[in-house]
Each structure stands twice: as structure tokens, then as C-alpha cells.
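Contents: one structure, followed by commentary.
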Amino acid sequence: MNSIQKNRLKDQLFKIWGIVCTLIGLVLLIIFIGDIFIDGISRIDWGFITDLPSRKAEKSGIYTALMGSIWILVLTTIISFPIGVAAGVYLEEYSKKNRLSALLEINISNLAGVPSIIYGLLGLELFARIMNLGASVLTGSLTLSLLILPIIIVATREAIKAVPTSIRDASFALGASKWQTIWHQILPASGGGILTGVILALSRAVGETAPLIVIGALAYVPFAPSTPMDEFSVLPIQIFNWISRPQHGFIENAAAAIIILLLITFVMNGIAVYFRNRWQKKWK
Amino acid sequence: MRKIRELVIEKSLLGSALITIAVTVGIISVLAIEAVRFFKEVSLFDFFTDTQWTPLFTDKHYGILPLLSGTFLTSLIAISVALPIGLSISIYLSEYAPKSFRKTIKPLLELLAAIPTVVYGFFALIVVTPFLQQFIPNLSGFNSLSAGIVMGIMIIPFVSSISEDALHAVPRALREASYGMGATKLQTAFKVVVPAASSGIIVSIILAISRAIGETMIVAVAAGQQPRLTLDPTVPVETITAYIVQVSLGDVEHGSIEYRTIFAAGITLFVFTFLLNTLSYRIRKKYQEKYE
């Protein structure tokens with residue numbers, strides 16, 4: 001075999017290796033989900049969703065945790081969406097190239113890399129203790145809002161960047177002020193991209209466990225929260241609690257709850273991808 | 001009137017942006033205040049040299065080393081899984097794969113990162129550990145091996161996605177020149193494209209390490225809760241993050257030394273990830289300038 005053939009062979013071998021690596025992640029993903037389905041699907045019925053948690057595995061349901069997750073989702077959206085988009089708009093449209101903007105930029109990039117459990121420590125001390133909100137839904141939502149703020153800001157900036165300058169120029173030429181241009185032209189034009197980012201950020205918030213454990217969210221709450229000041233649990237914490245128990249019935253419960261959690265995550269990701277595709281086509 | 005309105009709007013938008021600074025200041029002060037109180041009772045020297053971490057026992061020791069070694073060990077295993085696979089994927093997708101394949105596979109891979117980490121924890125404990133026990137009979141029910149491997153799978157998309165973007169950004173002309181010299185795709189990839197994209201690849205690796213160090217639920221579920229100074233992947237260990245979870249699950253009184261330990265552990269974790277994130281940011285900025 002001469003060296004040309006050898007090199008071609010190596011080339012082909014690497015190609016096969018590359019395909020194997022690419023597929024291994026996906027195959028494992030399918031095995032994960034398949035295994036969880038086998039363990040949990042038989043446990044899912046209407047009662048599983050509407051029953052309160054119980055000491056007996058076969059009687060336990062996810063009602064309180066599911067309601068907690070929905071509360072967290074709604075409140076986190078209300079808090080993080082306006083602040084994140086406003087900050088993104090400021091950085092992209094208003095801020096000049098100076099020290100402040102450089103500081104804001106490096107700071108946001110750093111915040112995006114702070115481990116989620118650290119946000120939990122911040123929430124525990126600042127919201128739960130100093131502001132005296134306790135281990136409430138509000139504390140959880142505030143904590144998760146800060147956690148996903150950098151993701152929303154970055155997504156907003158990317159979306160605004162993609163709007164062609166011609167739209168901006170046309171609006172200014174018609175005598176619109178800066179804010180009128182942003183409100184009537186830029187935000188509607190970048191809406192799809194912003195929405196994609198916000199939904200992805202929220203899907204992350206729904207799956208977060210560690211920061212909520214740190215602020216003191218409970219594994220067992222007898223009732224679903226009815227105000228933002230109530231104590232709560234969320235699906236991931238319920239799952240974590242069930243995994244930590246030795247009896248087999250709880251493992252089944254955990255798998256069943258994971259199916260529900262994954263369903264929520266995948267639906268949110270699907271919606272985000274749908275918006276992204278529709279929005280990308282608009283500018284092509 | 002309109003001018004005032006415009007100004008008010010601008011200032012309130014600025015206010016929103018400044019919240020991010022307040023968050024950083026908040027994190028640092030909260031961690032620092034409680035950590036300073038902690039270090040009034042425990043000397044820094046003991047903290048970094050004592051080889052035992054037993055704040056919840058009657059015989060109390062406050063040596064962070066066992067938690068650091070647990071964090072280091074699980075992260076090391078995760079990176080050894082994620083790095084070769086992630087880099088191979090990025091090179092394959094950028095240099096070999098047809099465009100349509102690349103377009104469908106990338107979002108699917110990113111789905112790996114979208115799965116809640118507690119789900120990975122379940123998988124590590126219920127599936128991977130029993131599977132590995134068939135080959136390693138003395139593997140403990142909680143161990144850093146399964147937790148590390150599963151964490152590695154989770155961070156594959158971090159490595160592959162950012163590296164692939166960096167490889168993709170390398171100008172076409174460099175590749176054409178290499179092909180023109182008779183090089184194969186493999187030679188071009190490793191001798192031309194990868195070196196040209198090296199800073200982007202390094203950024204992806206640093207971010208993956210930072211992510212692995214801060215990962216909580218996988219290790220809290222599958223690696224155990226026994227701080228021990230070891231590099232043996234088959235025994236239970238405890239990471240910094242898992243310790244914080246363990247304390248948070250119990251009833252720890254505010255103001256007690258146990259309460260402060262989670263902030264001392266937290267600030268250690270924060271310092272490490274902060275250094276890694278700043279480093280990656282610097283490299284990224286430098287690299288952007290190079291291509292613009």
C-alpha cells in the first residue's frame with residue numbers, strides 16, 4: 001500500500017469514526033428515553049396527574065409538583081421577559097462603545113457561566129432571608145428569573161442584530177423617533193427570534209432543580225400553591241425525591257414523572273424551533 | 001414632551017441592563033459576607049490543608065480538599081468522554097457531512113443539553129451503574145464513574161456545537177489551498193482547519209469544564225454523599241455542588257456554622273468557574289478580532 005492509499009484509508013476511517021461519534025449521542029438519547037418509557041409509562045394515568053403525593057408509591061401523584069412547576073413557569077416569565085428584553089434592546093440599540101457597555105457585556109457573558117446552584121445561594125440569602133419571602137413560589141421565580149436573564153438578553157440581541165438596517169433607516173427617514181422605530185419596527189421584526197430565546201430559557205427554568213432545593217423548596221407539600229407566597233415543590237424536585245428512595249415503586253413513579261417533565265421540555269423546545277424556522281425564512 | 005418620553009424610556013432600559021451588574025454584585029457580596037463569617041471560625045489554612053470534610057458530624061473537620069477532589073474527579077471523567085467525542089463530531093459535521101445532514105443533526109444533538117439534569121441523574125443511577133457493575137463487580141452503587149460518564153454525554157453538545165461553529169468560520173480558501181496541494185480531508189482538517197480554529201475549540205473546552213464543575217443534580221443523585229480524598233472512580237465521593245444540595249435538604253439553622261459552610265463551598269466553586277469563564281471570554285474576544 002503506498003502512502004496515497006494509506007492516507008485515503010485513514011480519511012475513510014475517520015469519516016466512519018465521525019459518524020459513529022455523531023450517532024452515539026443520539027443512540028444513547030434513544031436508549032435513555034426508551035428505558036424511562038419502559039419503566040414509567042404503565043404508571044401514568046389520570047390519577048397520577050391529579051393525585052397528591054403520598055407515602056405509598058402506588059397512591060402518589062404529581063399534582064402539587066406539577067402545579068408548582070406551572071406557577072414557577074408563569075411567574076418567571078412575567079419577571080424575566082420584560083427585564084431581559086429591555087436589557088437586550090438597550091445593549092443593542094442605545095449603548096455606545098464605552099467602558100460601561102464593555103463591562104455590561106463581559107458581565108453578562110460571565111453570568112451565563114455561573115453554576116445554577118450559586119444562583120440558589122443568592123436567592124436563599126437575598127430573597128428568602130433578607131427580603132423575608134421565605135421558601136415561596138415568588139422566591140423561586142425571582143431566583144430562576146435571574147438565572148435565565150443572560151440567556152434572554154443574548155437571544156434578544158442576536159434577534160435584533162438580524163433585522164436589516166434598511167428597516168431602521170426607512171423608519172427614521174419617515175420622522176420616527178428612536179423608541180417609535182424600536183417599538184413599531186424592530187421589535188415586531190425580531191419578535192420570532194426573541195420568542196425562540198425566551199421559550200428556550202423558560203424550558204431550562206422548568207428543568208432546574210438545584211437552585212430551588214437550595215432556596216428551600218420542599219419535596220413534600222400537601223397542597224398546590226394558591227398564592228405567590230405559598231410553599232411549593234416542582235416536578236424535578238419530586239423526581240429527585242423519588243429517585244432517592246430505595247423502594248422500587250418510587251423508581252417507577254420517578255420514571256413516570258420524568259416522562260411528563262420531558263414531554264413539557266420537548267414541547268417547549270419544539271415550539272421554539274418552529275418559531276425560529278418561521279422567523280429565519282422571513283429574512284431570506 | 002417627546003424628548004422627555006424618549007429619555008425616560010432610555011433610562012428605564014438602561015436600568016434593566018444594570019440589573020445584571022446588580023446580580024453579579026449580589027452574588028459576590030452574599031458569598032463573601034457569609035464566607036468571611038465562616039473563616040472567622042475556621043482558618044484558611046485548615047480549609048485548604050485538612051483532608052477531611054465533616055461539618056455535619058460531631059467530630060468536625062473543614063477541609064475542602066475532599067470536595068475538590070470529588071469535583072475534579074467527576075469533571076475529569078466527564079471531559080474525557082465529551083472531548084474526544086465532541087471534537088470528532090464537530091470535525092465530521094464541519095468537514096465531511098453533507099449540509100442537509102448537518103442541519104438536521106445539530107438541533108437533535110442540542111436536545112442532549114436541553115434535557116433536565118435530574119433526568120441524567122436518574123439514568124446514571126438506575127441504568128449506567130447497574131450496567132457497569134456487570135464488568136466492574138466492586139463498583140459501588142454510588143460512584144464517580146457513572147456520574148462522570150453521564151455528565152460527559154450531557155456536555156457533548158457544548159463541545160461539538162461551539163467547536164463546529166469555530167471550524168465552520170475558517171475561510172474556505174484555506175481548505176481549497178490544502179486540497180490543491182493534494183491533501184485529504186483528514187489531513188486538511190487536522191493540519192489546517194483545526195489549528196486555524198484552535199482558539200474557538202479551546203473556548204468550547206473551557207466552557208465544558210466550567211459546566212462540569214458546576215453541574216449538580218447528576219452528581220447529587222449518582223456520585224454519593226461521602227466526601228473523601230480519592231481518585232478511585234468506583235467509590236462514592238461528594239462534589240462541592242452535591243454537598244450544598246445535601247445541606248439544603250436538611251434542616252440547617254440560619255447563622256450556624258453548617259449554614260455558612262455552603263457559602264464557603266459556594267465561593268470556592270464560584271472562583272473556579274469565574275476564572276474559567278473570564279479566560280474563555282478573553283480568548284473569544286481576541287479570536288473575534290482576528291477574523292473581523
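The values are calculated or read from the model by the stated rules, or taken from the named source; none is laboratory data. Only a predicted model underlies this, so the values are computations on that prediction, with no experimental measurement involved. Note that we place each Cβ from the backbone using ideal geometry, even for glycine, and neighbour counts take in every protein chain shown.
Just one of the listed residues (B:P130, B:P195) is out of contact with any helix residue (DSSP H, G or I) (no Cβ under 6 Å at 6 or more places or on another chain), more than 12 Å from chain A (Cβ to nearest Cβ) and either part of a helix (DSSP H, G or I) or of a type in the set (D, E) (or both), namely B:P195. Of the candidates B:I77, B:I85, the single residue that is within 8 Å of chain A (Cβ to nearest Cβ) and β-branched (V, I, T) is B:I85. The test for being closer than 21 Å to B:M217 by Cα and surrounded by fewer than 24 Cβ atoms within 10 Å (Cβ to Cβ) holds for B:F158. Whether a residue is in the same structural domain as B:V235 (by TED's automatic domain parsing), over 30 Å from A:I182 (Cβ atoms) and either in contact with a His (Cβ under 9 Å, 6 or more places away or on another chain) or in a loop (DSSP other than H, G, I, E, B) (or both) was assessed, and B:L93 passes this test.
Going by the conditions given, is A:M268 assigned by TED's automatic domain parsing to the domain that holds A:S136 and touching a strand residue (DSSP E or B) at 6+ places or on another chain (Cβ under 6 Å)? So that I can check it myself, show each step before the final result.
Numbers: assigned by TED's automatic domain parsing to the domain that holds A:S136: yes; touching a strand residue (DSSP E or B) at 6+ places or on another chain (Cβ under 6 Å): no.
Spelling it out, it is not the case that A:M268 is assigned by TED's automatic domain parsing to the domain that holds A:S136 and touching a strand residue (DSSP E or B) at 6+ places or on another chain (Cβ under 6 Å).
For the range B:263-287, residues that are at the interface with chain A (Cβ under 7 Å from one of its Cβ atoms) and among the aliphatic types (A, V, I, L, M) total 1. Which residue, of A:I24, A:I49, A:I70, is more than 8 Å from chain B (Cβ to nearest Cβ), surrounded by fewer than 18 Cβ atoms within 10 Å (Cβ to Cβ), free of Cβ contacts under 8 Å to residues at least 40 places away in the same chain and in a helix (DSSP H, G or I)? Only one candidate passes the filter, namely A:I70.
The set of residues in the range A:249-279 being touching a residue at least 60 places away in the same chain (Cβ under 8 Å) and exposed (fewer than 14 other Cβ atoms within 10 Å of the Cβ) consists of A:R278 alone. A Cβ distance below 8 Å, combined with a sequence gap of six or more or placement on separate chains, defines the contacts here; from the range A:217-232, residues that are closer than 20 Å to A:Y119 by Cα reach residues that are surrounded by fewer than 17 Cβ atoms within 10 Å (Cβ to Cβ) in the pairs A:M229/A:G134; A:E231/A:G134. What do you reckon, is A:E93 in contact (Cβ under 8 Å) with a residue 60 or more places away in the chain, of a type outside the set (K, R) and surrounded by fewer than 23 Cβ atoms within 10 Å (Cβ to Cβ)? Against the criterion (in contact (Cβ under 8 Å) with a residue 60 or more places away in the chain, of a type outside the set (K, R) and surrounded by fewer than 23 Cβ atoms within 10 Å (Cβ to Cβ)), A:E93 qualifies. Across the range A:217-248, the qualifying residues are those that are surrounded by fewer than 21 Cβ atoms within 10 Å (Cβ to Cβ) and among the small types (G, A, S), and the one among them that is modelled with the highest pLDDT is A:S226. In the range B:43-73, of all residues being touching an Asp or Glu at 6+ places or on another chain (Cβ under 8 Å) and part of a helix (DSSP H, G or I), the one that is surrounded by the fewest Cβ atoms within 10 Å (Cβ to Cβ) corresponds to B:L65.
Total residues in the range B:243-292 satisfying the condition of being of a type in the set (D, E, K, R), in contact (Cβ under 8 Å) with a residue 40 or more places away in the chain and over 30 Å from A:N241 (Cα atoms): the figure is 3.
Residue by residue, here is whether (1) touching a residue at least 12 places away in the same chain (Cβ under 8 Å); (2) under 18 Å from B:L14 (Cα atoms); (3) within 13 Å of another protein chain (Cβ to nearest Cβ) holds:
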residue	(1), (2), (3)
A:L66	yes, no, no
A:A102	no, yes, yes
A:L121	yes, no, yes
A:S136	yes, no, no
A:R168	yes, no, no
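Quick one: in the range B:203-237, of everything that is among the charged types (D, E, K, R) and more than 16 Å from the chain's Cα centre (by Cα), which residue is farthest from A:E208 (Cα to Cα)? Checking each candidate, the answer is B:D232.
Among the residues making up the range A:197-249, those that are aliphatic (A, V, I, L, M) and more than 12 Å from every other protein chain (Cβ to nearest Cβ) are A:V198, A:V221, A:A224, A:M229.
Conditions (1) within 24 Å of B:I155 (Cβ to Cβ); (2) in a loop (DSSP other than H, G, I, E, B); (3) within 11 Å of chain A (Cβ to nearest Cβ), marked per residue:
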| site | (1), (2), (3) |
| --- | --- |
| B:I205 | yes, no, no |
| B:S210 | yes, no, yes |
| B:I213 | yes, no, yes |
| B:I218 | yes, no, yes |
| B:Q246 | yes, no, yes |
| B:E258 | no, no, no |
| B:T261 | no, no, no |
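Criterion first (surrounded by 19 or more Cβ atoms within 10 Å (Cβ to Cβ), of a type in the set (S, T, Y), assigned by TED's automatic domain parsing to the domain that holds A:I186 and more than 26 Å from the chain's Cα centre (by Cα)) does A:S60 satisfy it? Spelling it out, A:S60 is indeed surrounded by 19 or more Cβ atoms within 10 Å (Cβ to Cβ), of a type in the set (S, T, Y), assigned by TED's automatic domain parsing to the domain that holds A:I186 and more than 26 Å from the chain's Cα centre (by Cα).
A count restricted to the range B:13-40 and to residues that are loosely packed, with under 13 Cβ neighbours inside 10 Å and either more than 10 Å from every other protein chain (Cβ to nearest Cβ) or not β-branched (V, I, T) (or both) stands at 2. Considering the range B:166-192 alone, what residues qualify as being more than 13 Å from chain A (Cβ to nearest Cβ) and in a helix (DSSP H, G or I)? Within the range B:166-192, B:A166, B:H168, B:R172, B:A173, B:L174, B:R175, B:E176, B:A177, B:G180, B:V192 meet the criteria. Contact annotation: no residue pair with Cβ atoms under 6 Å, 6 or more positions apart or on different chains, pairs a residue in the range A:1-16 that is at positive phi with a partner that is among the aliphatic types (A, V, I, L, M) and outside any helix (DSSP H, G or I).
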